[in-house]
């Protein structure tokens with residue numbers, strides 16, 4: 001079996017929907033953290049505290065999540081993320097797929113597929 005890492009950058013408000021979708025397709029674990037960045041999507045307009053001025057935010061608030069799965073789950077995971085996070089708009093996010101050479105569970109010392 002081949003291990004595949006799937007990384008996704010998604011809108012922060014979509015995280016709970018994506019996590020639920022990943023659980024439904026059988027993903028055993030994920031890591032999620034706050035991120036900020038910019039891409040093709042529009043950045044937020046921020047108004048000053050008095051409402052007298054505004055500016056475009058340098059970055060958008062996003063969440064970055066990743067998981068490692070068996071190669072047989074990859075298409076289901078990609079579909080789950082895209083369906084749960086997508087709105088059909090520019091700026092919905094990105095998914096990246098990478099092969100993993102090996103994985104080691106620190107506690108059990110198991111390697112490969114047994115580590116995930």
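Read the figures in this text as sums done on the coordinates, not as results from a lab. Given the structure is predicted, the values throughout are model-derived calculations rather than measurements. Using ideal geometry, Cβ is built from the backbone for each residue, glycine included, and neighbour counts are taken over all protein chains shown.
Using a Gaussian network for the chain with springs between C-alpha atoms less than 10 Å apart, which of these wobbles most: 93, 72, 53? Ranking 93, 72, 53 by mean-square fluctuation puts 53 first.
With an 8 Å Cα cut-off and a minimum separation of 6 or more residues, compute the relative contact order for the chain in percent.
Numbers: 194 pairs, mean separation 49.7, N = 116.
Once normalised by length, the contact order is 43 percent.
For the chain, the longest principal axis of the C-alpha atoms and the axis of helix 15-24 are separated by about 20°. Entry note, the chain: the mean residue ellipticity at 222 nm calculated from DSSP H runs of n ≥ 4, each adding -39500 (n - 2.57), is -5500 deg cm²/dmol after division by the residues and rounding to the nearest 500.
Between the Cα long axis of helix 74-85 and the first principal axis of the chain there is an angle of about 20°, rounded to the nearest 10. Per-residue Cβ neighbour counts within 10 Å put 70, 58 in the sequence 58, 70, beginning with the fewest.
Among 52, 31, 98, the residue with the largest mean-square fluctuation in a Gaussian network model of the chain, with springs joining Cα atoms closer than 10 Å, is 52.
Comparing 56, 100, 30 in a Gaussian network model of the chain (Cα springs below 10 Å), the most mobile by mean-square fluctuation is 56.
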